[in-house]
């Protein structure tokens with residue numbers, strides 16, 4: 001069965017960084033990993049600090065190297081590895097008490113993918129953003145009983161009905177509003193219409 005998920009846009013960004021690691025830092029990431037394992041500290045936190053203080057690397061570079069020393073973060077720059085992890089992100093997101101929200105997620109995901117032919121769902125560890133050229137919506141299990149459907153409505157923020165709540169921490173974020181989803185009945189024509197509005201707004 002074809003996966004409903006697409007490669008997250010950040011993967012291409014990380015691929016570019018990895019390709020230029022030697023230019024930016026003097027070594028490839030594999031060479032850094034070998035150095036850390038040979039001469040660096042033993043814990044991930046200590047390795048990050050050592051890379052920053054001893055080798056003057058930036059936080060992101062130190063993080064990527066330390067993660068790879070532990071065999072983690074490989075999916076960040078590998079499309080195939082990311083697609084293998086994407087369903088696991090979703091599974092973990094809806095584990096335990098949040099498992100009751102999975103049918104709501106499935107319905108919202110199906111709706112989102114039907115909004116337009118270029119929609120891409122790209123799971124992260126805590127949310128599933130939906131992209132066109134940019135992210136226009138995101139599905140987030142906010143509590144054990146509620147999913148927040150986030151929408152990018154910045155251009156029409158003053159025209160939304162009361163059911164659509166502004167996100168107080170949305171400054172600088174494309175996702176500006178949310179619709180609370182508590183049941184399958186909440187995924188109605190209203191949700192469809194406003195998700196399409198966010199999609200059309202780009």
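Where a number appears in this text, it was derived from the coordinates with a stated rule and is not lab data. What you see is a predicted model; the values in this text were computed from it and never measured.
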- Message: Test of understanding: in a Gaussian network model of the chain with alpha carbons linked when under 10 Å, which of 46, 133, 165 would top the mean-square fluctuation ranking?
- Response: 46
- Note on the structure: P(r) of the chain over all Cα-Cα pairs, 5 Å bins starting at 0, rounded to whole percent, reads 1, 7, 14, 15, 15, 13, 11, 9, 8, 4, 2, 0
- Taking Cα atoms only, helix 59-69 is inclined relative to the longest principal axis of the chain by an angle, in degrees rounded to 10, of 80
- Quick one: helix 44-55 against the long Cα principal axis of the chain, what's the angle to the nearest 10°, folded into 0 to 90? 60
- Message: Averaging the inverse of every distinct alpha carbon separation and then flipping it gives the Kirkwood radius. What is it for region 9-77, in angstrom units?
- Response: 11.9
- Note on the structure: Per its Cα gyration tensor (rounded if a/c is under 1.5, else prolate when a/b beats b/c, else oblate), region 95-201 is best filed as rounded
- Calculated from DSSP helices alone, with each H run of at least 4 adding -39500 (n - 2.57) and the total divided by the residues of the chain, [θ]222 nm to the nearest 500 comes to -14000 deg cm²/dmol
